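Chemist: Submitted below is the structure of interest, expressed as structure tokens.
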Amino acid sequence: MRRDGGRAPVAPSLASVRMDSFTIGGDLEVRRLGFGAMRITGDGIWGPPDDPEEAKRLLRRVVELGIDLIDTADSYGPEVSENLIAEALSPYPDGLVIATKGGLRRSGPGQWPRDARPERLKECCEASLRRLKLDRIDLYQLHSPDPNVPYRDSVGALKELQDEGKILHVGISNVSLEQLAEAREIVEVVTVQNRYNLEDRRSEDVLEACERERIGFLPWFPLATGRLAEPGGPLDRIAREHDATPAQIALAWLLARSPVMLPIPGTSSVEHLEENVVATRIELSQDEVVAIGSATEG
Ligand SMILES: NC(=O)c1ccc[n+]([C@@H]2O[C@H](COP(=O)([O-])OP(=O)(O)OC[C@H]3O[C@@H](n4cnc5c(N)ncnc54)[C@H](OP(=O)(O)O)[C@@H]3O)[C@@H](O)[C@H]2O)c1
């Protein structure tokens, strides 16, 4: 018996829609729409959310809908996002991939100083293992290069954690093409997480490299649509034609843009989560994909 008393579900599960998957690192098969768990904390990604029970309900709904990739970081809260994930979902269902990150410190709301010293990364990973109640983290990502630490030293720490069996796969984030190449000399990089959306496509070169190498690309801030979504703009027009919102079209466009694209939209609301899942049903024509892409470049 459904908890909603038998009403038709607002959102389909991902299992019921045509949703292709991507295999991270050759063995972690995930559906291509993930969930970003940064927004389940307090304002400024600082402290607990106003309603922790609602945040846990949201996380359980993520899994119910068939999403099997959750992105988080020790710095979200800090610690709050990882703790809520463990409280809501542990013991985890088979196949759920929790991708976390280390390499930033928190000194207050909205402040994200970098700290990717090898010894600090190892401490962070140990703490994430404890908070997430895991013996091994499936995907551990270096949150950002630290200008005070040679990049190869930070990446080398993740390689050592992998050799010790504490993490299965290594991902990197906020990197240039050169940093991606440098990291790949040290360890197999299975994902890159960079800012990428309709308004900001500065990581196009990194995305193309990921596509060539079959590396998963997690675009962060995927929902930004900016001026494209203004009334009468290209996104607004196409959204109306699909009876959708500009945010949904932005997600559909990302999914159509590349087979290695793994968007991780973040939300604190079940309603928005369900709306984002519905976006996976939207099939844009090739003309629409091109029209949206070229409007962005213009
Ligand atoms: N690697 C990095 O440096 C880095 C940096 C930033 C983020 N991230 C990761 O990327 C994930 C996504 O990034 P993000 O949260 O910055 O950006 P986003 O997912 O593009 O946008 C999130 C914002 O959009 C709103 N939203 C979500 N769904 C919506 C919908 N259907 N309609 C209208 N508004 C909607 C959310 O508000 P509501 O809560 O009201 O829904 C929230 O304010 C994060 O959760 C985190 O996991 C990584």
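The values are calculated or read from the model by the stated rules, or taken from the named source; none is laboratory data. Note that the structure is a prediction, hence the values are computed from the model and not measured. Every residue, glycine as well, gets a Cβ built from its backbone with ideal geometry; the counts of neighbours run over all protein chains shown. Ligands, DNA and RNA are excluded from the accessible area calculation, which covers all protein heavy atoms including side chains. Shrake-Rupley method; radii C 1.70, N 1.55, O 1.52, S 1.80 Å.
Chemist: Only one residue in SER154, SER144, SER128 is over 22 Å from GLY36 (Cβ atoms) and open to solvent by less than 10 Å² (accessible area, probe 1.4 Å). Which one?
Modeler: On inspection, the qualifying residue turns out to be SER154.
Chemist: OK, next. Can you confirm whether region 223-239 contains a residue that is under 30 Å from TYR92 (Cα atoms) and charged (D, E, K, R)?
Modeler: no
Chemist: Whether any residue in region 203-212 is closer than 17 Å to ALA99 by Cβ and modelled with pLDDT of 95 or more is what I want to check.
Modeler: Yes, region 203-212 contains a residue that is closer than 17 Å to ALA99 by Cβ and modelled with pLDDT of 95 or more.
Chemist: Those residues that are at pLDDT 95 or above, part of a loop (DSSP other than H, G, I, E, B) and either open to solvent by less than 60 Å² (accessible area, probe 1.4 Å) or charged (D, E, K, R) (or both), I need them from region 1-48; list them, please.
Modeler: Hits for region 1-48 are GLY25, ASP27, ARG32, LEU33, GLY34, ALA37, MET38, ARG39, ILE40, THR41, GLY42, GLY47.
Chemist: Could you tell me which residue of region 95-137 is nearest to the ligand (Cβ to nearest atom), considering only residues that are within 18 Å of GLY165 (Cβ to Cβ) and polar (S, T, N, Q)?
Modeler: Ranking the candidates gives THR100 first.
Chemist: Moving on. When residues of region 170-208 are filtered for being of a type in the set (S, T, N, Q) and within 13 Å of SER154 (Cβ to Cβ), how many remain?
Modeler: 3
Chemist: Could you tell me whether any residue of region 44-63 is within 16 Å of LEU139 (Cβ to Cβ) and hydrophobic (A, V, I, L, M, F, W, C)?
Modeler: The answer is no; no qualifying residue exists.
Chemist: Scan region 78-88 and give yes if some residue there is surrounded by 18 or more Cβ atoms within 10 Å (Cβ to Cβ), away from the ligand (no atom under 12 Å from the Cβ), closer than 20 Å to PHE221 by Cα and without any contact (Cβ under 8 Å) to a residue 40 or more places away in the chain, otherwise no.
Modeler: Taking every residue of region 78-88 in turn, at least one turns out to be surrounded by 18 or more Cβ atoms within 10 Å (Cβ to Cβ), away from the ligand (no atom under 12 Å from the Cβ), closer than 20 Å to PHE221 by Cα and without any contact (Cβ under 8 Å) to a residue 40 or more places away in the chain.
Chemist: Only residues that are farther than 12 Å from PRO222 by Cα, within 16 Å of the ligand (Cβ to nearest atom) and without any contact (Cβ under 8 Å) to a residue 60 or more places away in the chain: list them for region 247-270, please.
Modeler: Answer for region 247-270, where residues must be farther than 12 Å from PRO222 by Cα, within 16 Å of the ligand (Cβ to nearest atom) and without any contact (Cβ under 8 Å) to a residue 60 or more places away in the chain: just ARG257.
Chemist: Kindly indicate whether any position in region 276-285 is polar (S, T, N, Q) and buried (at least 22 other Cβ atoms within 10 Å of the Cβ).
Modeler: yes
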